[in-house]
Structures are given as C-alpha cells and as structure tokens.
1. Could you tell me which of the residues ARG172, ARG206 is farther than 21 Å from THR275 by Cα, more than 18 Å from the chain's Cα centre (by Cα), at pLDDT below 95 and surrounded by 15 or more Cβ atoms within 10 Å (Cβ to Cβ)?
2. When the residues of the range 227-257 are narrowed to those that are hydroxyl-bearing (Ser, Thr, Tyr) and in a strand (DSSP E or B), which ends up surrounded by the fewest Cβ atoms within 10 Å (Cβ to Cβ)?
3. Looking for something out of contact with any Pro (no Cβ under 9 Å at 6 or more places or on another chain) and either modelled with pLDDT under 95 or under 23 Å from ALA131 (Cα atoms) (or both) - is there at least one such residue anywhere in the range 43-55?
4. Name the residue, out of PHE48, PHE69, that is crowded, with 23+ Cβ neighbours inside 10 Å and closer than 15 Å to THR264 by Cα.
5. When the range 131-149 is examined, which residues are found to be surrounded by fewer than 19 Cβ atoms within 10 Å (Cβ to Cβ) and either among the charged types (D, E, K, R) or outside the structural domain of SER85 (by TED's automatic domain parsing) (or both)?
6. Determine whether the range 201-214 contains at least one residue that is closer than 30 Å to VAL30 by Cβ and in a loop (DSSP other than H, G, I, E, B).
7. I'm told GLY80 meets every condition in (1) modelled with pLDDT of 95 or more; (2) surrounded by 15 or more Cβ atoms within 10 Å (Cβ to Cβ) except one. Can you identify the failing condition by its number?
Amino acid sequence: MSVKIVTDSTSDIPVEVARDLGITVIPLNVHFDLDTFRDGVDIQPDQFYDRLLTSPNLPKTSAPAPGLFRECYKRLLAEGDGIVSIHVSTKLSGTYEAAMNARRDLGDESGIDVIDSRLASMAAGLLVISAAKAARRGATRQEVVKLVKESVDNVFVAVALDTLEFMQKGGRVGKAQAMLGSLLAVKPMISLRDGEVVPLERVRTRSKAIARIGELLEQHLPAREVAVIYSTGREEADRLIKRLETTHPGQGSYLARFGPALGTYIGPDGLAVVTLN
C-alpha cells in the first residue's frame with residue numbers, strides 16, 4: 001500500500017493525470033443564483049464559461065463540506081498508508097479549513113496531513129503531481145510532506161488576464177487591488193505570493209501579454225514540472241506548448257484548464273504558465 005494523495009478541484013489537474021496517478025480530487029461548489037454545481041462533476045468548463053458569459057449575475061463559490069472530506073479520508077485510510085491532502089491557499093478559500101475539520105473529527109493519530117499550498121490552480125497542482133509521483137515510488141507520508149513543503153517556494157506562476165473585473169467582484173483581487181485604478185486599455189498580469197494575488201506586470205495589449213507570458217516561461221526553464229493553463233482560447237495555450245517543445249525538447253509539460261471554481265475569478269481569455277523548479 002502507498003500514501004494516498006488528495007487535493008481539491010481548484011488545483012485544475014487534468015482528469016486523466018489525476019486518474020493515472022491515483023489522485024483524489026474533492027470538488028468545490030459553484031453557485032449560479034439558486035443553482036449549485038460541483039466543480040468538474042455537475043458542470044464542466046465549456047458549460048461553465050458559456051453560462052458565465054450569459055448570466056446576469058456572477059457566480060459564487062464555496063468550499064466542500066467537511067463531511068465530504070471525512071468520508072473520503074475514511075475510505076482512503078482503509079486503502080493506503082496514510083493521506084497527504086494538499087489544498088488551495090487559505091487566503092483564497094475555506095477549503096483547507098474544511099479538510100482540517102474532517103481531520104480533527106477523525107483524530108490527530110488518523111495518519112492524515114493537511115497542507116496549505118499557499119497556491120492555486122496548477123501552481124498547487126504541480127505540487128500535488130510531485131507528491132503523487134513520490135508516493136508511487138514508495139515515499140513515506142513524512143517524506144511526501146517534506147517534499148511538498150520544501151517545493152512550495154520553488155513554484156513560479158504568471159497569469160495574463162483579460163480583465164481584473166471577475167477577481168474584483170469575487171473579492172479575490174488581493175494585493176493586485178492597486179492595479180485597478182490604472183487598468184483602462186491595460187491587460188493585467190498577476191502572480192501568487194504568500195498565498196494571495198499580487199500584481200506582476202501591466203501590458204497594453206493582449207498580444208503583448210501573451211508574448212510576455214512566453215518570455216517569463218523561458219526564464220524559468222528547465223524545470224522539474226511545467227504547466228500551461230487557459231480558461232478559453234486553447235489555441236494560445238497550444239502555441240505555448242508547441243514553442244516549449246521546440247525550444248526545450250524533452251522538457252515535458254501539462255496542458256490544463258481553469259475549471260469552474262477558479263474560472264469564476266479568472267474569467268474568459270485567461271492564460272497562465274507555472275513552473276516547479
């Protein structure tokens with residue numbers, strides 16, 4: 001038996017990758033007025049973005065209930081040598097606290113470690129993937145926890161947004177708030193630092209933002225793991241992947257998509273790169 005790895009749907013790990021590595025993904029909830037959907041279960045990205053662009057009201061998100069974690073943990077404890085549960089930044093969601101509540105219900109000696117990644121999307125997802133690969137190699141729970149905690153500060157993330165509107169209205173704009181006053185005809189670029197959204201750069205056009213994303217990716221290569229993430233407009237993400245294959249053959253990368261939970265705040269036309277060095 002091996003250590004079991006759990007994460008939440010904000011990690012945006014591609015379904016086939018999670019399945020192949022045995023990663024359990026707990027869905028957040030997305031609310032369109034009175035309709036509630038489990039991220040990646042009841043609503044998929046294409047459906048979500050179609051509704052996001054046509055709904056008169058922006059959706060809201062909520063953390064999974066502790067009971068969902070509790071039932072998941074009980075099942076996995078019977079199957080493996082403990083659990084490492086890695087989640088979205090506590091400054092962006094209450095998901096970590098829900099997981100901790102479930103762990104407390106099961107007792108401190110339950111064999112569960114819950115980690116605040118201080119990250120989101122595939123920035124956290126690459127940590128989860130790294131943890132799952134280590135578990136598959138036979139690493140102990142303590143070794144997996146050590147690997148994840150030592151890797152957090154080695155993650156770089158850059159996100160090009162079409163607008164900060166969705167983050168602002170969703171209350172997730174963080175320290176990037178200072179950018180709002182000067183965003184007319186400017187495409188914001190953001191990152192994550194100490195668990196919250198921070199401004200990275202400002203560029204005048206989307207084409208320049210996409211070019212800059214590519215430059216920032218190049219600056220952080222080679223890397224242990226790489227991901228390109230998009231919300232809508234897969235073509236730009238595909239071009240980045242192809243460029244990566246040309247400039248750094250053998251590097252390998254993951255193509256992922258901002259799912260409904262994070263898409264609520266990213267909005268359409270988001271593009272990001274993440275490296276784990």
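The values are calculated or read from the model by the stated rules, or taken from the named source; none is laboratory data. Please read all numbers here as calculations on a predicted model, not as lab measurements. Here the Cβ is made from the backbone with ideal geometry for all residues, glycine too, and neighbour counts use every protein chain on show.
1. After ruling out the rest, the residue left standing is ARG206.
2. Checked the range 227-257; the qualifying residue surrounded by the fewest Cβ atoms within 10 Å (Cβ to Cβ) is TYR254.
3. yes
4. PHE48
5. LYS133, ARG136, ARG137, GLU143, LYS146, LYS149
6. There is no residue in the range 201-214 that is closer than 30 Å to VAL30 by Cβ and in a loop (DSSP other than H, G, I, E, B).
7. Just one mismatch for GLY80, condition (1).
Yes/no per residue for (1) more than 19 Å from MET1 (Cβ to Cβ); (2) touching a Ser or Thr at 6+ places or on another chain (Cβ under 9 Å); (3) modelled with pLDDT of 95 or more:
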{"position": "SER85", "(1), (2), (3)": "no, yes, yes"}
{"position": "GLY94", "(1), (2), (3)": "yes, yes, yes"}
{"position": "ASP108", "(1), (2), (3)": "yes, no, no"}
{"position": "ALA120", "(1), (2), (3)": "yes, yes, yes"}
